[in-house]
1. Using alpha carbon centroids, what distance separates the stretch B:607-627 and the stretch A:73-129, in Å?
2. Please give the contour-minus-distance gain from B:LYS245 to B:ASN315: 0.36 nm per residue of separation, less the Cα-Cα distance, rounded to one decimal in nm.
3. Take every Cα-Cα distance within the stretch B:273-355, group them into 10 Å bins from 0 onward, and report for each bin the whole-number percent of pairs it holds.
4. Given a 1.4 Å probe and every protein chain left where it sits, what share in percent of the accessible area of chain B is carbon and sulfur?
5. Given a Förster distance of 41 Å, report the FRET efficiency between B:GLN697 and B:GLU197 from their Cβ-Cβ distance, rounded to the nearest 0.05.
6. Can you give the extra length, in nm with one decimal, that the chain gains between B:ALA329 and B:ASP686 once fully stretched, where that is 0.36 nm per residue apart less the Cα-Cα distance?
7. Label B:ARG63 and B:ASP362 with points 7 Å out from Cα along Cα→Cβ: what is the distance between them in nm?
8. Quick check of the Kirkwood formula: for the protein assembly as shown, what is the inverse mean of 1/r over all pairs of different Cα atoms, in Å?
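The values are calculated or read from the model by the stated rules, or taken from the named source; none is laboratory data. Just so it is clear, the structure is predicted and the values come from calculations on it, not from any experiment. Ideal geometry is used to build each Cβ from the backbone, glycine not excepted, and the neighbour counts take in all protein chains shown. In case anyone asks, the SASA skips ligands and DNA or RNA and just uses the protein heavy atoms, side chains included. Shrake-Rupley method; radii C 1.70, N 1.55, O 1.52, S 1.80 Å.
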Amino acid sequence: MIRLTVNGVEHTLDVEGDTPLLWVVRDVLGLKGSKFGCGAGLCGACTMHLNGQPIRTCIMPLSAVAGQNITTIEGLSPANASVQQLTPVQQAWLELNVPQCGYCQSGQIMAATALLASNPNPSDADIDNAMSGNICRCGTYPRIRSAIHKAAGMMSAGSHPQAARNGELFSEVTLPQAANSEELSHG
Amino acid sequence: MDKSLNSGLSRRSFLKASALSSGGLLLSVALPGCAAIGMKNQGMVSAGEWQSNAWLRIDTDNRITFILDRVEMGQGTYTGLVTLLAEELEVDPALVQVEFAGVGSAYDNPLYKLQITGGSTSVASSFKRIRLAGASAREMLKQAAAQVWALDNTSSLHCDNGQVIHSSGKTLSYGELASIAATFSVPEDTALKSPDEYRYIGKYNKRLDAQQKVTGQAVYGIDVELPGMLYAVISRAPAFGGTVKTLDSSAAKAASGVVDVFQLQAAGRSGVAVVARSYWQARKAQQLLQIKWQTPEVAPSSDAIFAQYARDLDNEDGEQVRDDGDFSAAAEQAASTLSAEYQLPYLAHATLEPQNCVVKADADGMEVWAPTQSASMARVAAGKHSRYSLDDIVIHTTWIGGGFGRRILQDYVAECAVIADRLQQPVKLIWNREEDTAHDWYRPASLHRLQATIGADGKASGWQHRIAHPKVFEWFVGDAAPAQYPFMPKFMFPMLASAGKLGEGILAPKDSSGYEGANDVPYALDNIDVRFIHSEPGVPVGYWRSVGFSHNGFVTESFIDELAHQQKQDPLNFRLELLARHPRAQSLLRRVAQLADWGRPLPGCHQGVAIHKSFNTWVAQIADVQVEGKTFSVKRVVCAVDCGQAVNPDMIRAQMEGGINFALTAALYGNITLKDGAVQQSNFHDYALLRMPEAPQIVVDIADNQYDPTGVGEPGVPPLAPAVANALFAATGQRLRRLPLQLA
């Protein structure tokens, strides 16, 4: 049995310890927002936060994160959130129509959220550096760059109601149903 | 009001109104006469209720539902087509709910007679059809209001925000009127709004699918989950056409969670499937397989393929696809000539969502969930590879994590159909990145020889372009031909496929994938000779974003640049002079030159220009490129596009940005190589994609006009590589005639 806290909910999992965290979160906990792209830590589509730091979950064995806190894209804002309930990063993404196919965007948003938590006013070079591990095959890079600047502006202006908790868990009450069950096993 | 509709759109035969069983209005596309066969999948779900071919549903509770007959893979079709409907229906596009269509001949792309999303055709082919559906519904709702209010006609009525409004100010909502409207037949002379009446077309700048994509809620194919679902992975023969020589699966079968291990043959490929209770268990067991592969007799390596192309160019005249003037005479009379050979590699699509499929098969039939660009071809693939007839197969289309042409081919559906048919349980097949890279349907490699003639007066007099390239259509026809004739019994499919090969003019447009963008070279030279030399190396090929234009755009726009320099002319002015017959192209070139400040590059940079027309859209680009030693970086790309009436300007900008970065990946890195019939690249470390630090600043300008809309998903790609290569020539004097671009 391996214990893990995902989006504020603690789980006790009967899953082989070498299973990458990505597949545990997707297929055992049912949170499908984090994506499989390369299986080798090369594209960033699977990015989640481990104690607030972005990690590549497609190569992270479950046993290596036992007992720790994981945040996924579903943990940033409530399920079926209104636009106002989204984080500054998500709102900036929305306002600038960043996604195309959208498949990489959960990972991009998790990486950008972690960047802004540690560097509230990043330069273009900071952004290039922090985001270079996340591939977007549709080529939305110019908009990602603009959206990160925009989110930084929203947060520093302090006017954004979600600004204070960007990058942190929104609340534990409104999590998706699938994540609430205590004991989940996966053959 | 614009009454000039395409003659092909007879309204009487096109739309059909009916009542929903729950009350409300349903507008469907009337089926052509012969399509009464195969009704179960084409709409006659229950007693007289047309469903799967419906386009528009208005429920009594004011819900407006649009059934999207194109797939959304990032290109913005979802937003584009809803905008067209909402414009005529007079509702906010954000209020229209969207469902993805199943299989139905009503959803066929009128250009291909196939239910397919490709060729940058969605908005172009739907521009009038969908507006007409919206306008017809609007007029029927007005008629319904006139009946309720006992008016003689609808002249005192107008529609706004989902309501019919009388000049007195009283209103009725669409939901209140839908059931009455459903009793009318579709009016025959519905006028469409004129451009000066547009509220959304050309103005609507929201992306309707953005919110579910920034919250992780959009369900892609790989996210589909069914109760009791198993997970499958497949080891495939590394060399194309390879087979299993020996297999020892005992260790894999004994591994934790494994349900089944077996050999399979699907979509022309041999492999071994491992099915387990979880994905990771299947992957771990796959490592335990002991397989020896039989390499096929023909197992080419890259060098041999280009040698074959060169041989065929040496020996074959090929098919002449453009013949202006008399090139041979021009060559005989030439004072000098300019010759060059260009070479382009195979390219993988590398959609970020790897190929995957979910299939449920049982006594009731087969259901398929697939991120596919063609629901009808997915159904053929599933039918060909299972016991089920097409009428017993239902296709569910999902969000798609990148298409770029990869998902026009249905091999992953075929594979999953084989597995689910055998197990009679729900199965999800997931390819990993290595498999996705090694078993794609690649953008064909090609070899080009060009010759320009210079007359005694020193001016360019002739242009010859000879192309060695396979026929993409022959790799695609197996599923495409039967999808055009779904009522044919399955045993006829191979015959249809071979008929498609023999008589492609009957079943599909002529295969122009080798020479499109070359035979229509736009420059006004008196003698032009373009030839297609069919050369088939036996490597699976497919449609890759911008298809033939992707290589011919690079070749023609590089060689015209060579010619400009040979003529000691400014490359931009040289093009302008030779484009006298294409005023839209000329004005686009002038516009891009103005925006990029042609002749005054960014500090430390050099500029290159290119213009290319693909999918009826002209795109001109100027790249500012900085060279440092043997490396270079693209600092800025200015892009001007003329795609006719802009429906969603921001979606067009996004497609140009995306097309430029997609093309820059190919220009910098893209190179699939083969050794002994197998692809040598595997993942993003050796098949690199563009990343944030290499992404240039991009400026997009959209020509303002009201011609019918043309494609935007692909046309941003072709001009980029030649613009960069032309800038590198300006910077270094090196003419790079191969992709990816590498300075000496």
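1. Here the two parts' Cα centres lie 31 Å apart.
2. Working: separation 70, 0.36 × 70 = 25.20 nm, distance 3.77 nm.
So the extension gain works out to 21.4 nm.
3. Bins of 10 Å from zero give 10, 20, 26, 17, 12, 8, 6, 0 percent of pairs.
4. Here carbon and sulfur together make up 49 percent of the probe-accessible area.
5. Values: r = 37 Å, r/R0 = 0.89.
That pair, B:GLN697 with B:GLU197, gives E of 0.65.
6. So the chain would gain 123.8 nm between B:ALA329 and B:ASP686.
7. 2.5 nm
8. With all distinct Cα pairs of the protein assembly as shown included, I get 29.1 Å.
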